[in-house]
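A short worksheet on the structure shown next.
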Amino acid sequence: MELLTAALPVSATVLVAIVGYLQWRRSERRQAENERVRQELEQAERRRIARGPYDQQRLEALQELLDKLRELEVQSRWNAGGQDVRAEVPKINTFLIKHGEVLEDEDYRLAQQFLEGLTWIDRHAAEDRRRWEEQREQELAAHGTDIGQYESSWERTERLTWIGDADRAVRKWTSARAALEERLRKALQGM
């Protein structure tokens, strides 16, 4: 019994020391984890601050690229094949090269996809206009009949064999424009 009375306080003291040590280790780990998270947050904030000018330049470049592509689309729609919009493609490519440090590969790919679709439509409209003018000249020479200007040719009915290709071209450029607009929205939200 005396042994029990002597061992009980010693074992209680050892147990309290062990529990205290375990709690101390847990709090040390928690403090170390909190310090690591704080440092990571500070580093992320420093990176965000350092990226600020880059993000702003990227945002401006994306906005300008979309403006240029939209302007080209409007020009193509008003043009209806009268002037070759493909002459504007080198200007867009020059813009892409000048802003290469802030534009991503996906931005390039989408711009090229947009241009391919739009120039296909524009090239087809120009060829259609040229064929119409040739037929108009032939009709005038052969019969003295003027079949009208190209803009009024929509009244003429014929089989539209190119409609599938035109649909693919339209989907190509509209999906590229939509993707670029979405990238711009995400860049704006990230600011």
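Inspection of segment 107-130 finds a residue satisfying the criterion of being loosely packed, with under 15 Cβ neighbours inside 10 Å and over 22 Å from Ser175 (Cα atoms). Within the option set Leu41, Leu62, being under 49 Å from the mean Cα position of the chain (by Cα) and under 30 Å from Leu96 (Cα atoms) holds for one residue only, Leu62. Pairing residues of segment 119-137 that are part of a helix (DSSP H, G or I) with residues that are open to solvent by 50 Å² or more (accessible area, probe 1.4 Å) and aromatic (Phe, Trp, Tyr), at Cβ distances under 7 Å and at least 6 apart in sequence or on separate chains, gives His124/Trp162. Taking the numbered list (1) farther than 30 Å from Val102 by Cα; (2) open to solvent by less than 80 Å² (accessible area, probe 1.4 Å); (3) at pLDDT below 85 in turn, Glu35 passes all entries but (3). Answer yes or no as to whether Lys91 is assigned to a helix (DSSP H, G or I), in contact with a helix residue (DSSP H, G or I) (Cβ under 7 Å, 6 or more places away or on another chain), of a type in the set (D, E, K, R) and at pLDDT 90 or above. Criteria not met by Lys91. For Tyr150, the requirement of being hydroxyl-bearing (Ser, Thr, Tyr) and modelled with pLDDT of 80 or more is not met. Among all residues of segment 6-25, there is none that is modelled with pLDDT under 85 and outside any helix (DSSP H, G or I). Taken as a whole, the condition of being free of Cβ contacts under 8 Å to residues at least 60 places away in the same chain, assigned to a helix (DSSP H, G or I) and either charged (D, E, K, R) or touching a helix residue (DSSP H, G or I) at 6+ places or on another chain (Cβ under 8 Å) (or both) applies to Arg48.
The condition of being open to solvent by 100 Å² or more (accessible area, probe 1.4 Å) and of a type in the set (A, V, I, L, M, F, W, C) holds for only one of Ile18, Ile92, Ile97, that being Ile97.
The values are calculated or read from the model by the stated rules, or taken from the named source; none is laboratory data. Owing to the predicted nature of the structure, the values given are computational and were not obtained by experimental measurement. Methodologically, a virtual Cβ is constructed for each residue, glycine included, from the backbone with ideal geometry; neighbour enumeration extends over all protein chains shown. Accessible surface areas use protein heavy atoms only, side chains included; no ligands, DNA or RNA. Shrake-Rupley method; radii C 1.70, N 1.55, O 1.52, S 1.80 Å.
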